[in-house]
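S.K.: Dropping a structure here in structure tokens format, bear with me for questions.
The values are calculated or read from the model by the stated rules, or taken from the named source; none is laboratory data. All of these numbers come straight from a predicted model, not from anything done at the bench. Heads up, the Cβs are rebuilt from the backbone with ideal geometry, glycines too, and the neighbour counts pull from every protein chain shown. Accessible surface is based on the protein model in full, side chains and every heavy atom, while ligands, DNA and RNA are left aside. Shrake-Rupley method; radii C 1.70, N 1.55, O 1.52, S 1.80 Å.
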Amino acid sequence: GAVVSQHPSWVICKSGTSVKIECRSLDFQATTMFWYRQFPKQSLMLMATSNEGSKATYEQGVEKDKFLINHASLTLSTLTVTSAHPEDSSFYICSARDQVVRRDGGDEQFFGPGTRLTVL
Amino acid sequence: GQNIDQPTEMTATEGAIVQINCTYQTSGFNGLFWYQQHAGEAPTFLSYNVLDGLEEKGRFSSFLSRSKGYSYLLLKELQMKDSASYLCAVRDFPGGYQKVTFGTGTKLQVIP
């Protein structure tokens, strides 16, 4: 199957600093990537949809100035958590949509391994 | 918006069969996914249904009824390694763009 990587896999930072997380599709081109956040014992919450070459679409309640998304190429999207605070500590997961054409017209998204962010 | 419901926890015995249900309410439905997630790891894709009926993949099967807003994931010949959370996710097109929303997940514990 398609492979998506994330870097770093974990990061610890001080409150007030910014952290950049990279999401790469390694063996396919992804015009669309998704950024999710997952708090302990909760499900994935979509933060934003990242489209190559255009502005990201943010979900309601997600601050676009705090969570900067850049999708500069067909294989790379970045999420920057600006001025991080302890409440931003979470598991951040990206996924990339493969343009594989299924017999029923659907497609699949493949997840990266996630980045665990801890803000002290 | 979407409303996705699935049981919080289930327990089943090794070698048995377990069915995890998912109900949803959405407009512009365009597919339902099942993912497996082990603690501390990212989800892995299990199945995708967009048409009514049963999709079978080895020990895993997924069923969809669009008219009832209902899906289930069937796991056969349970193994201890199947202990994980199983996430039901629904795709639709609110406001003209594609969005996948996840349910809260069902934590399955397989016991000997």
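S.K.: Could you run through the range B:77-100 and say how many residues are of a type outside the set (A, V, I, L, M) and more than 14 Å from chain A (Cβ to nearest Cβ)? Show your work before the answer.
M.R.: Pass one, the range B:77-100, residues of a type outside the set (A, V, I, L, M): B:77, B:79, B:81-83, B:85-86, B:88, B:91-99.
The next check asks that each one be more than 14 Å from chain A (Cβ to nearest Cβ); those that pass are B:77, B:79, B:81-83.
Number of matching residues: 5.
S.K.: Return the only residue of A:57, A:82 being within 11 Å of chain B (Cβ to nearest Cβ) and surrounded by 15 or more Cβ atoms within 10 Å (Cβ to Cβ).
M.R.: Only one candidate passes the filter, namely A:57.
S.K.: Among the listed residues B:83, B:67, identify the single one that is farther than 23 Å from residue A:32 by Cβ and out of contact with any strand residue (DSSP E or B) (no Cβ under 9 Å at 6 or more places or on another chain).
M.R.: From the options B:83, B:67, the qualifying one is B:67.
S.K.: Another one. I need the strands (runs of 3 or more DSSP E) fully contained in the range A:1-42, keeping only those with at least 2 residues that are in contact with a Lys or Arg (Cβ under 9 Å, 6 or more places away or on another chain) and under 17 Å from residue A:79 (Cβ atoms). It would help to see each step written out before you state the result.
M.R.: Details: elements: A:4-7, A:10-13, A:19-25, A:32-38.
Because the criterion is at least 2 residues that are in contact with a Lys or Arg (Cβ under 9 Å, 6 or more places away or on another chain) and under 17 Å from residue A:79 (Cβ atoms), the strands (runs of 3 or more DSSP E) in the range A:1-42 that meet it are A:4-7, A:10-13, A:32-38.
S.K.: In addition: What's the total number of residues in the range A:7-29 that are closer than 15 Å to residue A:84 by Cα and away from every other protein chain (no Cβ under 12 Å)?
M.R.: 11
S.K.: Additional query: How many of the residues in the range B:32-76 are facing chain A (nearest Cβ under 10 Å) and assigned to a loop (DSSP other than H, G, I, E, B)?
M.R.: 7
S.K.: Residues of the range A:65-86 being closer than 21 Å to residue A:7 by Cα and among the charged types (D, E, K, R), which ones?
M.R.: Answer for the range A:65-86, where residues must be closer than 21 Å to residue A:7 by Cα and among the charged types (D, E, K, R): just A:66.
S.K.: Another question about this same structure. Would you say residue A:32 is closer than 20 Å to residue A:98 by Cβ, under 14 Å from the mean Cα position of the chain (by Cα), touching a residue at least 24 places away in the same chain (Cβ under 8 Å) and more than 14 Å from every other protein chain (Cβ to nearest Cβ)? Let's see the steps before the verdict.
M.R.: Numbers: closer than 20 Å to residue A:98 by Cβ: yes; under 14 Å from the mean Cα position of the chain (by Cα): yes; touching a residue at least 24 places away in the same chain (Cβ under 8 Å): yes; more than 14 Å from every other protein chain (Cβ to nearest Cβ): no.
No: the conditions fail for residue A:32.
S.K.: While we're here: Taking residue A:117, is it under 14 Å from the mean Cα position of the chain (by Cα) and at pLDDT below 95?
M.R.: Against the criterion (under 14 Å from the mean Cα position of the chain (by Cα) and at pLDDT below 95), residue A:117 does not qualify.
S.K.: Mind checking whether some residue in the range A:69-78 is more than 30 Å from residue B:50 (Cα to Cα), open to solvent by 40 Å² or more (accessible area, probe 1.4 Å), part of a strand (DSSP E or B) and more than 12 Å from chain B (Cβ to nearest Cβ)?
M.R.: yes
S.K.: Within the range B:10-31, count every residue that is within 10 Å of chain A (Cβ to nearest Cβ) and either buried (at least 19 other Cβ atoms within 10 Å of the Cβ) or part of a strand (DSSP E or B) (or both). So that I can check it myself, show each step before the final result.
M.R.: Within the range B:10-31, the first condition is being within 10 Å of chain A (Cβ to nearest Cβ), and the residues that meet it are B:30-31.
Then drop every residue that is not either buried (at least 19 other Cβ atoms within 10 Å of the Cβ) or part of a strand (DSSP E or B) (or both), which leaves B:31.
Within the range B:10-31, residues that are within 10 Å of chain A (Cβ to nearest Cβ) and either buried (at least 19 other Cβ atoms within 10 Å of the Cβ) or part of a strand (DSSP E or B) (or both) number 1.
S.K.: While we're looking at this one, here's another question. Restricting to the range A:35-54, and then to whatever is open to solvent by 30 Å² or more (accessible area, probe 1.4 Å) and over 14 Å from the mean Cα position of the chain (by Cα), can you tell me which residue is modelled with the highest pLDDT?
M.R.: Among those that are open to solvent by 30 Å² or more (accessible area, probe 1.4 Å) and over 14 Å from the mean Cα position of the chain (by Cα), it is A:39.
S.K.: Identify, by number, the condition in (1) touching a residue at least 60 places away in the same chain (Cβ under 8 Å); (2) open to solvent by 60 Å² or more (accessible area, probe 1.4 Å) that residue B:7 doesn't meet.
M.R.: Result: residue B:7 passes all but (2).
S.K.: Ok, one more. Among the candidates B:109, B:37, which residue alone is in contact with a strand residue (DSSP E or B) (Cβ under 8 Å, 6 or more places away or on another chain) and open to solvent by 20 Å² or more (accessible area, probe 1.4 Å)?
M.R.: Of the residues listed, the single one that is in contact with a strand residue (DSSP E or B) (Cβ under 8 Å, 6 or more places away or on another chain) and open to solvent by 20 Å² or more (accessible area, probe 1.4 Å) is B:109.
S.K.: Sticking with this one: Mind listing whichever residues of the range B:19-66 are over 30 Å from residue A:10 (Cα atoms) and of a type in the set (D, E, K, R)?
M.R.: Across the range B:19-66, the qualifying residues are B:52, B:55, B:56, B:57, B:59, B:66.
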